[in-house]
Amino acid sequence: MSPAANEIPPAWAVTFQKILELEASRDYDNRAVAGGLDRFLERQGPEMETWLADAALAQDLVKTSYAQLAPEQRRQWAGRWLALIAAAGNPPNPPLAKGGSADASRQLGDASRESPSLVKGGQEGFPAAHYRTPPAGLTVDAPVDRLKGVDVKLSAKFQRLGVATVRDLLYLFPRRHEDYSRTVRIADLSPGMECTVSGTLWEARQVSQGPGGRRKDTEAVLSDESGNIKIVWFGQGYLARSLRPNSRLSVSGKVEVFRGQLVFQSPEYETLSPGQPPLHTGRLAPVYPLTEGLTGRNLRRITWQAITSWLGGIEETLPPASLARCRLPPLQEAIHQAHYPDDLPFWEAARRRLAFDELLTLQLAVLHRRRQQRQNVQGIPIQASQQVLEGFLASLPFALTSAQRRCLEEVLADLARGTPPMNRLLQGEVGSGKTVVALAALLAVAAAGYQGAIMAPTEVLAEQHFQTVSRLLGDLARPLQKEHLFSVYLEYVGRPVAVGLLTGSTRQAARRELTELAAQGALDLVIGTHALIQSGAEMPRLALAVVDEQHRFGVLQRSALRQRGSENPHTLVMSATPIPRTLSLTLYGDLDLSTIDELPPGRQQVLTRWVGPEKRAAAYGFLRKEVQAGRQGFVICPLVEESEAIEARAATEEFQRLSQEVFPDLRLGLLHGRMPAKEKDSVMRQFRDGELDILVSTPVVEVGIDVANATVMLIEGADRFGLSQLHQFRGRVGRGQHKSYCVLLSDAPSEVAQERLAALEQTHDGFRLAEVDLELRGPGDFFGTRQSGLPSLRMAQLSDRSLLSQARQEAELIMEQDPALELPEHRALAAQVARFLDRVSAEVS
């Protein structure tokens with residue numbers, strides 16, 4: 001029997017057991033504890049070894065680096081620890097109070113313990129406290145300046161953090177917590193230790209340092225029963241006046257060595273008073289987002305005031321049935337523990353509850369919008385002619401994939417139903433054949449006597465769609481009658497089908513002709529850009545609006561396109577960005593989803609290699625070799641998140657360097673987001689028509705043009721991009737018959753970036769890469785911050801699939817029981833959804 005089985009586990013085992021359970025729930029990612037489990041082992045190692053009383057066990061379980069173990073080894077290691085602790089008898093659940101901080105935190109009016117228990121990790125946790133309600137006549141939606149010590153100037157600073165009300169402040173959660181929970185006697189301190197020391201302040205004096213004594217420091221001596229230690233606060237001479245000798249002081253920070261003596265340098269500090277909890281030391285101390293003129297200490301003091309005196313005004317949003325079903329803690333307690341947790345497992349339980357609230361509210365908001373959109377909206381029922389469909393498919397030089405057929409059937413079923421109008425997202429990788437599916441539906445609409453439209457984000461892409469439609473309708477053999485209009489007789493339709501191209505560059509006479517034909521209903525299909533939604537382009541028989549590249553268009557633009565018709569047309573949104581199902585269900589729950597998850601046979605794989613800076617010259621040489629063989633290539637400049645202007649400037653400098661130093665004999669073109677639209681379109685046309693050898697571009701510019709002759713995609717600063725973005729870039733080559741390559745240049749990628757780049761080398765499945773991207777980077781970066789359209793989630797991680805799924809199930813259950821959220825138990829939830837709706841995209845954006 002192991003030594004651990006001979007005695008009751010000590011106090012550290014309580015926390016350790018919960019940490020290991022949390023670690024298991026996170027698939028052993030070494031993030032259950034700030035700094036990783038090795039930091040916990042370093043702190044508690046001596047006590048653990050003593051408790052184990054076995055050198056071999058200690059070597060395996062205490063002195064082994066958890067960070068260096070593989071996931072399966074971590075699982076086995078954690079299992080051994082849990083078994084040892086269980087063998088001695090399960091440790092009791094921890095009391096709420098720890099080191100005095102929670103004692104005081106519970107002195108918040110009535111300290112009744114009859115509230116539901118906080119549940120975490122499947123175990124009963126601590127009981128919920130009762131909190132004071134706001135002062136008479138006020139609510140938590142009162143301005144933040146109703147808090148003591150918050151004047152007009154401070155209120156303006158809070159505004160910069162998005163805090164206008166007390167509720168906003170309660171939901172301004174810390175970015176992280178500093179772990180100052182380890183309390184150590186002065187005699188036991190050692191260099192590098194991060195900990196808290198409490199004792200009596202013997203003296204505090206101001207000293208002058210630096211040239212002319214201009215820098216004023218404070219030096220102090222702190223004493224406990226085991227010894228003394230010196231403390232220095234650099235540049236904070238004023239502290240000498242506020243720190244009183246013989247007072248009880250607590251300091252937290254890292255122990256340093258200065259002139260052979262242990263010292264704390266500019267640590268966190270606070271004077272201890274009976275009954276008052278520490279806010280800055282001796283605990284997990286919150287680290288908040290800050291703004292100029294607002295210090296972390298001041299923010300902690302004000303948030304603590306909001307928690308102790310106003311938190312009771314926050315209504316519980318979840319009905320008792322939902323709380324019990326989902327095993328979640330009360331909302332007020334979760335908010336408290338999110339700011340000032342008693343330990344990391346308590347914080348994780350709080351985060352889980354608050355994240356669940358965000359995801360549930362987002363789901364309810366999306367489902368509510370979907371219900372609103374579909375309620376009493378009459379659509380246009382269109383029964384697709386089998387003769388038309390079979391005739392079109394038989395005319396194609398290729399067969400549809402099974403995925404294309406499945407998606408087409410889903411679209412046609414929506415059209416046949418008519419009411420409510422179709423609102424569907426068709427997603428698939430570049431080259432998967434989305435346009436063919438859309439065109440089949442558009443032909444069905446035209447054959448039924450209605451009109452259709454395709455809106456693309458750029459003129460070049462609109463022209464590309466126009467040419468693709470021409471080719472697919474068998475009109476490629478002869479030149480187009482006009483550059484903006486063609487009509488082709490389709491035997492399977494039984495009449496000519498007219499297709500027009502309307503963009504910002506369309507000449508006035510041609511524009512007038514197209515708008516007249518469209519208004520008369522004589523134009524079956526119009527393809528274009530924003531020009532389609534400008535006044536004058538009416539389509540009275542519009543029944544199907546197709547929008548390409550969803551993130552390029554705002555909600556209003558899509559609504560305006562639908563309003564070109566006199567009825568409620570169907571909408572099909574096409575996306576070339578593979579979106580993980582978990583994410584699409586959450587963000588696009590108001591859209592039905594069709595996925596082309598299969599590429600046509602014969603599509604070549606693009607050879608992908610990640611190279612370091614020492615091979616940059618070789619990469620340039622390879623690109624030159626391809627150009628000399630008659631091919632073309634792209635160079636993508638690094639992403640600069642801070643500013644499009646900085647990004648454009650950097651791209652211009654890179655273009656000049658490549659033009660003058662690297663490829664002076666080749667024809668280079670430049671694209672960046674600050675260029676006028678006409679100039680961008682001109683450059684893209686030149687590249688498409690073979691007038692440029694190399695296109696240098698920023699990542700924010702749409703380069704999704706079909707250039708079959710382009711065989712090299714060279715991406716600078718590849719580690720700055722997400723996998724989905726890199727995969728999109730890679731999809732721009734390999735469109736023709738020539739072997740194609742993607743070269744990823746990266747100077748000093750982080751460990752996570754190296755994982756991403758390695759995954760891209762090995763994987764060509766866009767949907768698998770999208771899942772990996774979501775796991776590695778999270779949703780905020782999934783689409784790129786400038787065009788994500790994602791709601792701002794404070795606590796939720798959309799990569800947390802189990803919580804996401806649970807929230808969606810709960811949302812569907814609630815909507816089924818109470819679609820309008822009118823029942824008394826859903827009143828607070830309805831108010832939360834109303835507040836959240838402003839931050840949720842109604843459609844893909």
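Pull out all pairs, ordered by first then second residue, where Cβ-Cβ is under 7 Å, the residues are six or more apart or on different chains, the first lies in segment 202-215 and is in contact (Cβ under 8 Å) with a residue 40 or more places away in the chain, and the second is surrounded by 11 or more Cβ atoms within 10 Å (Cβ to Cβ) and not in a strand (DSSP E or B).
From residues that are in contact (Cβ under 8 Å) with a residue 40 or more places away in the chain, the pairs are W202/P245; E203/P245; A204/L239; A204/A240; A204/L243; A204/P245.
Could you check F767 against (1) modelled with pLDDT of 70 or more; (2) in contact with an Asp or Glu (Cβ under 9 Å, 6 or more places away or on another chain); (3) surrounded by 21 or more Cβ atoms within 10 Å (Cβ to Cβ) and say which number it fails?
(3)
May I ask you to verify whether G235 is without any contact (Cβ under 8 Å) to a residue 24 or more places away in the chain, under 33 Å from the mean Cα position of the chain (by Cα) and assigned to a loop (DSSP other than H, G, I, E, B)? Before you say what the answer is, go through the steps one by one.
On the way: without any contact (Cβ under 8 Å) to a residue 24 or more places away in the chain: yes; under 33 Å from the mean Cα position of the chain (by Cα): no; assigned to a loop (DSSP other than H, G, I, E, B): yes.
No, not satisfied.
Look at segment 585-599 and say how many of its residues are surrounded by fewer than 19 Cβ atoms within 10 Å (Cβ to Cβ) and at pLDDT below 75.
So the count comes out to 1.
Among (1) open to solvent by 30 Å² or more (accessible area, probe 1.4 Å); (2) touching a residue at least 60 places away in the same chain (Cβ under 8 Å); (3) among the aliphatic types (A, V, I, L, M), where does V635 come up short?
The number of the failed condition is (1).
Within the group P421, P397, which residue is surrounded by fewer than 19 Cβ atoms within 10 Å (Cβ to Cβ) and either modelled with pLDDT of 95 or more or part of a loop (DSSP other than H, G, I, E, B) (or both)?
Values: P421 fails: surrounded by fewer than 19 Cβ atoms within 10 Å (Cβ to Cβ).
Result: P397 is the single residue among P421, P397 that is surrounded by fewer than 19 Cβ atoms within 10 Å (Cβ to Cβ) and either modelled with pLDDT of 95 or more or part of a loop (DSSP other than H, G, I, E, B) (or both).
Please count how many residues of segment 604-620 are more than 17 Å from F721 (Cβ to Cβ), of a type in the set (S, T, N, Q) and open to solvent by less than 70 Å² (accessible area, probe 1.4 Å).
Of the residues in that region, 1 qualify.
One residue is enough: does segment 152-172 have a residue meeting the conditions closer than 20 Å to P341 by Cβ and in contact with a Lys or Arg (Cβ under 6 Å, 6 or more places away or on another chain)? Please lay out each step first, then the result.
Going residue by residue through segment 152-172, those that are closer than 20 Å to P341 by Cβ are 169-172.
Filter again for in contact with a Lys or Arg (Cβ under 6 Å, 6 or more places away or on another chain), leaving none.
No: segment 152-172 contains no residue that is closer than 20 Å to P341 by Cβ and in contact with a Lys or Arg (Cβ under 6 Å, 6 or more places away or on another chain).
Can you find even one residue in segment 454-476 that is surrounded by fewer than 17 Cβ atoms within 10 Å (Cβ to Cβ), modelled with pLDDT under 90, closer than 20 Å to T435 by Cβ and charged (D, E, K, R)?
Yes, segment 454-476 contains at least one residue that is surrounded by fewer than 17 Cβ atoms within 10 Å (Cβ to Cβ), modelled with pLDDT under 90, closer than 20 Å to T435 by Cβ and charged (D, E, K, R).
Looking at R205, R176, which is the one that is more than 24 Å from E315 (Cα to Cα), surrounded by fewer than 16 Cβ atoms within 10 Å (Cβ to Cβ), out of contact with any Ser or Thr (no Cβ under 9 Å at 6 or more places or on another chain) and among the charged types (D, E, K, R)?
Details: R205 fails: out of contact with any Ser or Thr (no Cβ under 9 Å at 6 or more places or on another chain).
None of the others qualify; the one that does is R176.
Output the qualifying pairs, or none if there are none: Cβ atoms under 9 angstrom, residues six or more apart or on different chains, first residue in segment 644-660 and open to solvent by less than 40 Å² (accessible area, probe 1.4 Å), second residue in a helix (DSSP H, G or I).
L658/Y620
For segment 176-231, which residues satisfy the criterion of being among the hydrophobic types (A, V, I, L, M, F, W, C), assigned to a strand (DSSP E or B) and more than 30 Å from E348 (Cβ to Cβ)? I'd like the intermediate steps shown before the answer.
Keep residues of segment 176-231 that are among the hydrophobic types (A, V, I, L, M, F, W, C), which gives 184, 186-187, 189, 193, 195, 197, 201-202, 204, 207, 220-222, 229, 231.
Going one step further and asking which of them are assigned to a strand (DSSP E or B), we end up with 195, 197, 201-202, 204, 207, 220-222, 229, 231.
Listed by number, the residues that qualify are L201, W202, A204, V207, A220, V221, L222, I229, I231.
Residues are listed down the side, and each one gets a yes or a no for (1) of a type in the set (G, A, S); (2) in a helix (DSSP H, G or I); (3) modelled with pLDDT of 90 or more; (4) under 30 Å from Q806 (Cα atoms):
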position	(1), (2), (3), (4)
L583	no, yes, no, yes
P601	no, no, no, no
A617	yes, yes, yes, no
L623	no, yes, yes, no
V627	no, yes, yes, no
G630	yes, no, yes, no
G633	yes, no, yes, no
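Can you tell me which residue is most open to solvent (accessible area, probe 1.4 Å) among those in segment 661-680 that are in contact (Cβ under 8 Å) with a residue 24 or more places away in the chain and assigned to a helix (DSSP H, G or I)?
So the residue we want is K678.
Condition check ((1) touching a strand residue (DSSP E or B) at 6+ places or on another chain (Cβ under 6 Å); (2) in contact (Cβ under 8 Å) with a residue 12 or more places away in the chain; (3) farther than 18 Å from L442 by Cα; (4) not aromatic (F, W, Y)) across all residues:
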position	(1), (2), (3), (4)
Q372	no, no, yes, yes
G379	no, yes, no, yes
S385	no, yes, no, yes
L393	no, yes, no, yes
R406	no, yes, no, yes
L412	no, yes, no, yes
G418	no, yes, no, yes
G428	yes, yes, yes, yes
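Being under 29 Å from the mean Cα position of the chain (by Cα) and closer than 15 Å to R301 by Cβ is the filter here, so list the residues in segment 125-174 that pass it.
If the condition is that a residue be under 29 Å from the mean Cα position of the chain (by Cα) and closer than 15 Å to R301 by Cβ, then V144, K157, F158, V163, V166, L169, L170, L172, P174 are the ones that fit.
Tell me, which residue of segment 637-657 that is more than 21 Å from V743 (Cα to Cα) and not in a helix (DSSP H, G or I) is modelled with the highest pLDDT?
In this case the residue turns out to be S643.
Give G379, G391 a once-over and let me know the one that is at pLDDT below 90 and among the small types (G, A, S).
G379
Report yes if some residue within segment 681-700 is open to solvent by 10 Å² or more (accessible area, probe 1.4 Å), touching a residue at least 24 places away in the same chain (Cβ under 8 Å) and closer than 30 Å to A758 by Cβ; otherwise report no.
For segment 681-700, residues open to solvent by 10 Å² or more (accessible area, probe 1.4 Å), touching a residue at least 24 places away in the same chain (Cβ under 8 Å) and closer than 30 Å to A758 by Cβ: present.
The values are calculated or read from the model by the stated rules, or taken from the named source; none is laboratory data. Since the structure is predicted, the reported quantities are computational estimates derived from the model, not experimental observations. For neighbour counting, all protein chains shown are included, and Cβ atoms are generated from backbone atoms with ideal geometry for every residue, glycine included. Remember, those area values only see protein heavy atoms, side chains included, never the ligands or the DNA or RNA. Shrake-Rupley method; radii C 1.70, N 1.55, O 1.52, S 1.80 Å.
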